[in-house]
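Let me begin by presenting the structure, written as structure tokens, before commenting on it.
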């Protein structure tokens, strides 16, 4: 349905109508004039006829006067003066009439003037004759005849006038008759034309109106179908006004069926109701105000407001426009849209938040990211990537070429190679290269790039990390490591010298001592034997020192040998090894369940061996010596000691004794190499046992500590990663 | 004219031995310790023939009875170790039962001829068997201990360490590394 | 019944050690013929001579001038004629690394030089016994591995 056709046809229809009216008016005026002319022509014709009658009348009077005179002459009778008087009056009247009728014809006027002249002379003659007759004047016969003949001449002359006048009138009449005939011919023709034209106009107008009516009907049906099928609710309200003309309520004049879907009330039910009664909420949610506003301003208004129908909340968007005296309202249920909008807004908010988090994370992790479409080079770069390049976000238009231009010239080939590799590769390709930032700083970047398909387009996404610091640290660490390795190597070679080169002569000393005692032992004097034994003891002691020193230095920190160790079994083995010594010294060992750990077996053995040996060595000589070994699992936060904790939980192994103990202030010293707190003679030992323990525990990423009180005993705490 | 020669007696003797042994058309090997090992047992005729032909060169076949007995002791010990039931016996009674000699006689004879005692030999043999299993099979120590009637893995490990000076684990590691080392060189 | 003498070689740079080793051997019941060399090169040169009687066992000190024990060991194991000779390392070092390396290179016995004479005698005797068993009994020479 083309509404434009309807509208434009109405317009043209108006124009055509106006033209038709103008035309009709014109034709009517022509017709009017024509009729007028006809009427005038007819008048003129009739005037001519009247004039003729008057002329005939006048001149007949003259003839009558002549005839009377002649008769009087013949009969010699006198003419009654009354008759003549009648003639005279009638002639005067006719003359007057003629003068009036021929006013517009000068020739006739001349004739009339002449006629008047001769009439006067006639009058004079008649008067003279009358005088004769009445003998008022003595006249002879001759004289009378003379007078009568004069009268006849005048009448003759008058008759010529009459002829002239008649001729003239005839000419005018003829003229007028032609004019009249013409008029009578044109007038019906124009009238017919007028009628025909009117008919055409009428027909056209009818057709036009009929068409428009038809169109209007279909348009109305169309509108009706729109109204009924549309999702929009269409309502029309008539305002209710109070005495002062103020709008106080609205009445439903019309509502489309859609209203039932939205509010649950059918259109039939709602029409005629007051808005305030049907939906009171409209007086609080701004709707009624909007309608009033719309009425007052005449401008259409729009408002989205919330309603509750049958306990169901709905968002309705209403557009009100003034239509005649009421308000036409189109209402759309935008609940879903609104909810979707709400969802979208929520999503947007969370997206915004996540984006902010991501941005922060990028800053924290010194990470930047980019993505670029391979097809058109459309590129997106994260803010932090700009920052990493020494720029402000969006300092330049993001493009892969621009990004590549930051790459250090020496790394350009590497960068291009990795890029082309990425295009071929399926997964993530990693690369390291340097860049030169805007402020001419060289930075090390590590990149991970991946090419993905997005909407059928190839897109390269990449994450770049500024690893400058870690590379610097790495370099430092490597340097330190190298130094450490060197000093370690030095220490190792020193140990080797000590162990081998010192051991060689010592072993030989011992060897010859043994040979000597085997072969000559019985031959020694008592004194010699004492000296000899001292030599032997010293040599053995020295050997033990060297051995311990060696085993201390051999506790290497390589962890390839870590295996599962049941500490219970290790402890049993140590107890076995020390069984004789334990028996000798009458030391009792009480042990609880020990854990299974990961470590180097022989070192664990050595650890227990050294601790127990130590406890035996420094046992109390006054009572029964006891060693208590216990273990438990603790979390790293529960450990009161400060050391590098690599594990979350630790096994706490406690070895306590009731021995002689030591001063707590020496608690750290006892783990130092060669540090012995007791007199050499009093307690034999090399002072290396606990140092070895410390080294072993540290080698296992653990911690050892001791607490003691003199003569009460000591407690050794060992923490090993669980 | 005069010429002087030096000769290596070992080579001379070996040449003579090989010459005579080849005549027999049997498989054999000459050990550095002047011991000849045959893969199959010789017939009496072959044995007699060999003894007489070697005698011409002053090579004497040593009294083979005692050697043979020592060999039988060794074989019996081998059997015993491989035989599940035999393991239940004491070595001494098993040997005297099988060989019909008093254990003291066997023990003395064995020590005389091998520089070592039967007991040491049994342990050595057993450890060798353990070594064999460790080196060539995927068996765990527990399985090996069970198979060789050790009361526990600890017992096995203990004896192994006592005899070889190495723990089974270290031994296994060394064997593996040695194999890798050899194949690397090849 | 008579056992042949065992032919034993010893490469050792220390004169006293050579003397002690010799003393220990003579005190044993086992009859041996001992040849001693002042360094690895001397021994290797001798071994490579065609007329040399192949020894039943070789004792090698690790730390020697000119050619050390490890070099001798490797050289022997690469020589078709010498690779079968059992090798006993005789060293002061008790470093696990030394022990492992010599075993991997093909040594059969690793001896830590004892610090008294009777221990030395026992050790040497044990090695000779073991060697004899491995030579004469049906033992797997591949697994001839002992640390004493």
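With a cut-off of 20 Å on the backbone N, the residues of the range A:287-302 near the modelled label site 7 Å out from residue A:246 along Cα-Cβ are A:287-298. Ranked by the mean number of other Cβ atoms within 10 Å per residue, highest first, peptides C:54-63, A:230-239 order as C:54-63, A:230-239. Mind checking the angle between helix A:412-424 and chain A's longest principal axis? C-alpha axes, 0 to 90 degrees, to the nearest 10. Helix A:412-424 and the main axis of chain A meet at about 70 degrees.
Would you mind giving the average projected area, over all directions, of the Cα convex hull of chain C in nm² with one decimal? Walk me through the intermediate numbers first.
On the way: hull surface 34.7 nm².
Mean orientational projected area (chain C, Cα hull): 8.7 nm².
Where the convex hull is taken over the Cα atoms of the range B:119-186, what is its projected area averaged over directions, in nm²? Please list the in-between numbers first.
Values: hull surface 19.1 nm².
Orientation-averaged projected area of the Cα hull: 4.8 nm².
With the alpha-carbon atoms of the range A:383-531 aligned to their principal axes, the span from lowest to highest coordinate is 104, 36, 24 Å, starting with the largest. The calculated 222 nm mean residue ellipticity attributable to helices in chain A amounts to -20000 deg cm²/dmol, summing -39500 (n - 2.57) over DSSP H runs of n ≥ 4 and dividing by all residues. Pairs of Cα atoms nearer than 8 Å and 6+ residues apart set the relative contact order; for the range A:366-466 it is 31 percent. Note on A:604, C:36: ascending count of other Cβ atoms within 10 Å places them as C:36, A:604, the fewest first.
Counting, for every residue in C:7-18, the Cβ atoms of other protein chains within 10 Å of its Cβ and taking the mean gives 1.
One Cα centroid belongs to the range C:1-55, the other to the range A:527-553; the line between them spans 31 Å.
Tell me the relative contact order for chain A as a rounded percent, counting alpha carbon contacts under 8 Å between residues six or more apart.
Contact order relative to length: 6 percent.
Label positions at residue C:23 and residue C:50, each projected 7 Å from the Cα along the C-beta direction, are separated by 4.2 nm.
In deg cm²/dmol, rounded to 500, what helix-only [θ] at 222 nm does chain B give when every DSSP H run of at least 4 residues adds -39500 (n - 2.57) and the total is split over its residues?
Only helices count here, giving -21500 deg cm²/dmol.
The value for chain B of Rg(Cα) / (2.2 N^0.38 Å) is 1.35. Ranked from largest, the principal axis spans of the Cα set of the range A:555-721 equal 42, 34, 28 Å. Of all DSSP beta bridges confined to the protein assembly as shown, the antiparallel ones make up roughly 80%. Relative to the longest principal axis of the Cα atoms of chain A, the long axis of helix A:287-297 makes an angle of roughly 40 degrees. The modelled label-to-label distance between residue A:590 and residue A:231, using points 7 Å beyond Cα along the C-beta direction, is 8.5 nm.
The simple Förster model, with R0 at 35 Å and r as the Cβ-Cβ distance, assigns residue A:24 and residue A:175 a FRET efficiency of 0.55. Which values of log₁₀ I(q)/I(0), to two decimal places, follow from the Debye formula for the protein assembly as shown at q = 0.05, 0.09 Å⁻¹ with a uniform point scatterer at every Cα? Listed by q, the Debye log ratios stand at -0.72, -1.22.
Do the sum for chain C: with -39,500 (n - 2.57) for every DSSP H run of n ≥ 4, divided by all residues, what is the mean residue ellipticity at 222 nm, to the nearest 500 deg cm²/dmol? Don't jump to the answer; show the numbers that get you there.
Details: 5 runs with 61 residues, N = 148.
Value at 222 nm, helices only, nearest 500: -13000 deg cm²/dmol.
Each Cα pair under 8 Å and six or more residues apart adds its sequence gap; the mean of these over the residue count of the range A:116-263 is a relative contact order of 13 percent. Other protein chain C-beta atoms within 10 Å of residue C-beta, averaged over B:103-115: 2.
Shielding by partners for peptide C:131-137, expressed as the average number of C-beta atoms from other protein chains within 10 Å of each residue's C-beta, is 6.
If you build the Cα gyration tensor of the range A:491-581 and take the root of 5 times each eigenvalue, what three semi-axes come out, in whole angstrom, biggest first?
Details: eigenvalues 247, 87, 17 Å².
In descending order the semi-axes read 35, 21, 9 Å.
Treating the angle as unsigned and between 0 and 90°, give the value, to the nearest 10°, between the Cα long axis of helix A:3-75 and the longest Cα principal axis of chain A. Roughly 10 degrees between the two axes. Measuring max minus min along each principal axis, the C-alpha atoms of the range A:152-301 give extents of 119, 41, 25 Å (largest first). Gyration tensor analysis over the Cα atoms of the range C:4-43 returns equivalent ellipsoid semi-axes of 19, 13, 4 Å (largest first, whole Å).
Going by neighbour counts of Cβ atoms within 10 Å, the residues A:121, A:714 line up, fewest first, as A:121, A:714. Ranked by how many other Cβ atoms sit within 10 Å of their own Cβ, fewest first, the residues A:693, A:294 fall in the order A:294, A:693. Between the C-alpha center of the range A:278-342 and that of the range A:563-637 there is a gap of 89 Å.
Convex hull volume of the C-alpha atoms in the range A:3-205, normalised per residue: 121 Å³.
Restricting the calculation to Cα atoms, the range A:460-531 yields a radius of gyration followed by a Dmax of 29.0, 96 Å. Calculated FRET efficiency, residue B:18 to residue B:159, Cβ-Cβ distance, R0 = 51 Å: about 0.75 to the nearest 0.05.
Read the figures in this text as sums done on the coordinates, not as results from a lab. These numbers come from a predicted model, not from an experiment. Using ideal geometry, Cβ is built from the backbone for each residue, glycine included, and neighbour counts are taken over all protein chains shown.
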